[in-house]
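The values are calculated or read from the model by the stated rules, or taken from the named source; none is laboratory data. Given the structure is predicted, the values throughout are model-derived calculations rather than measurements. Methodologically, a virtual Cβ is constructed for each residue, glycine included, from the backbone with ideal geometry; neighbour enumeration extends over all protein chains shown. Surface areas here come from the heavy atoms of the whole protein model, side chains and all, with no ligands, DNA or RNA. Shrake-Rupley method; radii C 1.70, N 1.55, O 1.52, S 1.80 Å.
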Amino acid sequence: METPGPLKKAADALVDALTDGDARPPVEVPGAPGAKPPSVAEPTEPRAPLPPKPDQRAPEPLSATGRGGRAADDVRAQNGGFLTTAQGARLPDSDHSLKAGPRGPVLLQDHHLREKITHFDHERIPERVVHARGAAAHGVFRGYGTAGGVTRAAFLAEGVETPVFVRFSTVLGSRGSADTVRDTRGFATKFYTTEGVFDLVGNNIPVFFIQDAIKFPDIIHAGKPHPDREIPQAQSAHDTFWDFVSLHTEATHHTIWNMSDRGIPRSYRTMEGFGVHTFRLVDADGATTLVKFHWKPKLGVHSLVWEEAQLIAGMDPDFHRRDLYDAIEAGAFPQWELGIQTFPDTPDQMFEGIDLLDPTKIVPEELAPVRPIGLMTLNANPTNFFAEVEQVAFHVGHLVPGIDVTDDPLLAGRLFSYLDTQITRLGGPNFAQIPINRTHAPVNDMLRDGFHQDAVHTGVAPYKPNSLDGGCPFFAGAADHAYIEHPTPVPAATKVREAPATFDDHFSQARLFWLSMSPPEREHIIAAYTFELNKCYHQAVKERTLLVLANIDRYLCAQVAAGLGLPAPQPSEPVTDPAPSPALSQLGQEWPIQGRVIGIVADPAGDLAALAAVRRAVLAAGMVPLVIAPTGGELTADGAEPLAVQRTFATARSTEFDAILLAGSPAPGIDADGGRDAKAGAPQGPGAPVDPRITLLLAEAWRHAKAIGGWGTAEQALAAAAVPAAGPGVVLGDDGENVLREISGLLAAHRVWDRFPPPTEAATR
């Protein structure tokens, strides 16, 4: 055998050194987020950072030219037991911006806020840090004129039509994540008004996780995938999220909204939008009114059930954007009414005991009704996704005369953050010149040069005052529609890092939300908390979250605890009993059925003429019929017109449809083989043979509370799927068009919720 040379010996020594660390005790259950288990109580004693986990190793600490040698794996990691600035100055507080008094405006001198937010804004290149996964469309907004008494904003005047561009998005996931994850959705609208651009940058949930913008990096870092493994993607069902929100209980109200059906909307077309913050409107005489903005979908609010969301994420991760673009292409233009809740602009900025500057609070619509002020219609899809949807830049500071901000500390940080983010993400300060961002009002801004400067400026004096350019541009006055901030008094105060006492209530509005839910919605909330917490690794995080739930509702806490196999704790604070707000529930109303998708299962051996008649009736009702057959192509029969097939038994799944119609009981197709299509292995009940893909489709539609109708031999297919023919929401008849009429009535309520009676205790609370 050849004697090893010096290079071989050195290589072997290096391998031995690198593998020494592998001689460690086996891990019984892998997946722990950190090196040591957490405590239930928040740690308060300063200590050094925890070491890396035994399975982790950092790159060799070499110089850029390869110099150096072995050192501790964490030589480049953070060190020291105290939170500091990037320059090492120790910090006493990272929860509150520096303000002029607890309720005062945020001060520009807050270097810690600016450093923290600026660094956060630049964490991703070039993908958005948050709201990376999005879809958008063009449209028009028409003012009703009903806002004239509270604002001079010209685009809200009666009959004024304003072009808009709207971007919907998820918060946590990357651009490649799925649409139907449980998450908050962005609802951002750019109004190209004659007075400049107005951006209403909101969400589909009216409250936020935090009360102060300085904590925004914290909540997003907690919700994003774990930094060591970059999992889980686009979801909050993991330890770091629940660790943060169980310690930072001001997140409780937003969290229960996210655990409700609001976290998994059926489509963007059936999703509410909210401005979240309280804004100040100014009328023509300078009088002010505080408001909250609401977008109300004309089709009503509608959500997925959890199993649907999971199935769709695997089958069609583009489900929401496809639904939006297909609806617009088909002429079923989505519409929303813009509405406002109005409140007197009092010095304390409170309404009925609710702090209007607290972004974790709502004002129930029963206390302040939503007044419609205009209608938005989305009527055109983008031409180029990157140029429009990816490059659109929203900013809460894009305001027009008549709309002003308040001293909400979360809004104050956003006013800084959005502008800072666009400069990096879109390559410089001239992002407003990208076509999708260009204002429709004249621009003379004296801003010059920089990356991607498209304008060709004239003149020699881009400064004020000047005489060389004849004094141009000139300052505008109020009569010239200048944007003038309302002169709001600022009381004498001491600069502090504090929050007002009214921000301390973290549970009463979460309980208000719970008490306002219908029994099925409560069951979904229980299931969501149970699922998410069962995905957490550490028992301490689960136990701490149960302590939070105990302060919302005893039954909610007990049911989630049972699902976790843990005892239910007692509340640590008095549990209030606010009056429920029926407006918070998605159930109990009826909505237009236009744009609903109806799956029509064809039986090639059945009456194709009757099927064609039903298809025409679906179209006439403004809905979308999709014919499902054993194979693609066309269905033909003697004397009948050819009928195009849109879906096959192999490609169709119940999640795509709002209702199922059975034009008979189709026999197994030629590919109904479990080896070719795993769905064909679905079990069947009495009455087989029916194609097993259809029995699976029917069983899912039944579980998901969708309306099911049929004629001819349809009852045989229902029996094979173990769906009761006389069950709630099942309509059988001899005439397909009559069946469709009854199904249309059921669709107005979105789902057949009485199909699954809830537990008695939940129903009576």
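Quick rundown of the values:
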quantity	calculated
Hits in the stretch 471-489 (condition: in a loop (DSSP other than H, G, I, E, B), surrounded by 10 or more Cβ atoms within 10 Å (Cβ to Cβ) and not β-branched (Val, Ile, Thr))	Gly471, Cys472, Pro473, Phe474, Ala476, His481, Ala482, Tyr483, Glu485, His486
One residue from Leu718, Leu662, Leu698 being at pLDDT 95 or above, farther than 23 Å from Arg266 by Cβ and either open to solvent by less than 10 Å² (accessible area, probe 1.4 Å) or outside any helix (DSSP H, G or I) (or both)	Leu718
The stretch 147-178, subset of a type in the set (A, V, I, L, M, F, W, C) and more than 20 Å from Asn379 (Cα to Cα), residue surrounded by the most Cβ atoms within 10 Å (Cβ to Cβ)	Ala147
The lone exception for Val181 - which of (1) in contact with a strand residue (DSSP E or B) (Cβ under 8 Å, 6 or more places away or on another chain); (2) over 30 Å from Gly477 (Cβ atoms); (3) open to solvent by less than 10 Å² (accessible area, probe 1.4 Å) it fails	(3)
Tally of residues being under 18 Å from Asp243 (Cα atoms) and open to solvent by 100 Å² or more (accessible area, probe 1.4 Å) across the stretch 25-42	3
Candidates Thr346, Thr342 - the one that is in a loop (DSSP other than H, G, I, E, B) and of a type outside the set (Phe, Trp, Tyr)	Thr346
Some residue of the stretch 457-468 being modelled with pLDDT of 85 or more, within 30 Å of Pro126 (Cα to Cα) and surrounded by fewer than 12 Cβ atoms within 10 Å (Cβ to Cβ)	no
Which numbered condition Ile743 misses (of (1) in contact with a helix residue (DSSP H, G or I) (Cβ under 9 Å, 6 or more places away or on another chain); (2) outside any loop (DSSP other than H, G, I, E, B); (3) touching a residue at least 60 places away in the same chain (Cβ under 8 Å))	(1)
Every residue from the stretch 623-653 that is exposed (fewer than 15 other Cβ atoms within 10 Å of the Cβ), of a type in the set (Gly, Ala, Ser) and within 30 Å of Leu324 (Cβ to Cβ)	Gly632, Gly633, Ala644
Residues located in the stretch 123-182, provided they are β-branched (Val, Ile, Thr) and part of a loop (DSSP other than H, G, I, E, B)	Ile125, Val129, Val130, Thr146, Val150, Thr151, Val160, Val171, Thr180, Val181
Selection within the stretch 421-456 - open to solvent by 60 Å² or more (accessible area, probe 1.4 Å), over 29 Å from Pro382 (Cβ atoms) and of a type outside the set (Asp, Glu)	Asn444, Arg448
Unique match (being closer than 30 Å to Ala237 by Cα, in contact (Cβ under 8 Å) with a residue 40 or more places away in the chain and among the hydrophobic types (A, V, I, L, M, F, W, C)) among Val548, Val614	Val548
Of all residues making up the stretch 362-420, the number that are touching a helix residue (DSSP H, G or I) at 6+ places or on another chain (Cβ under 8 Å), surrounded by fewer than 18 Cβ atoms within 10 Å (Cβ to Cβ) and not in a loop (DSSP other than H, G, I, E, B)	4
Any hit, the stretch 252-273, residues being surrounded by fewer than 20 Cβ atoms within 10 Å (Cβ to Cβ), of a type outside the set (A, V, I, L, M, F, W, C) and farther than 12 Å from Thr180 by Cα	no
Test result for Asp348, over 22 Å from the mean Cα position of the chain (by Cα) and surrounded by fewer than 17 Cβ atoms within 10 Å (Cβ to Cβ)	yes
Residue ranges of helices (runs of 4 or more DSSP H) in the stretch 490-589 with at least 3 members open to solvent by 50 Å² or more (accessible area, probe 1.4 Å)	519-534, 539-550, 554-564
Flag if Thr65 is in contact with a helix residue (DSSP H, G or I) (Cβ under 7 Å, 6 or more places away or on another chain), exposed (fewer than 15 other Cβ atoms within 10 Å of the Cβ) and modelled with pLDDT under 85	no
Count - residues of the stretch 234-251 that are open to solvent by 10 Å² or more (accessible area, probe 1.4 Å), part of a loop (DSSP other than H, G, I, E, B) and either among the aliphatic types (A, V, I, L, M) or at pLDDT 95 or above (or both)	1
Scan of the stretch 291-320 for residues that are over 29 Å from Thr651 (Cβ atoms) and surrounded by fewer than 20 Cβ atoms within 10 Å (Cβ to Cβ), ordered by number	Lys296, Lys298
Residue ID - nearest to Asp658 (Cα to Cα), chosen from residues in the stretch 590-622 that are basic (Lys, Arg) and open to solvent by 20 Å² or more (accessible area, probe 1.4 Å)	Arg615
The stretch 701-713: number of residues that are touching a Gly at 6+ places or on another chain (Cβ under 6 Å) and open to solvent by less than 50 Å² (accessible area, probe 1.4 Å)	2
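So that you can scan it fast, the table gives a plain yes or no per residue for (1) part of a loop (DSSP other than H, G, I, E, B); (2) at pLDDT below 85:
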site	(1), (2)
Leu18	no, yes
Glu28	yes, yes
Pro37	yes, no
Arg103	yes, no
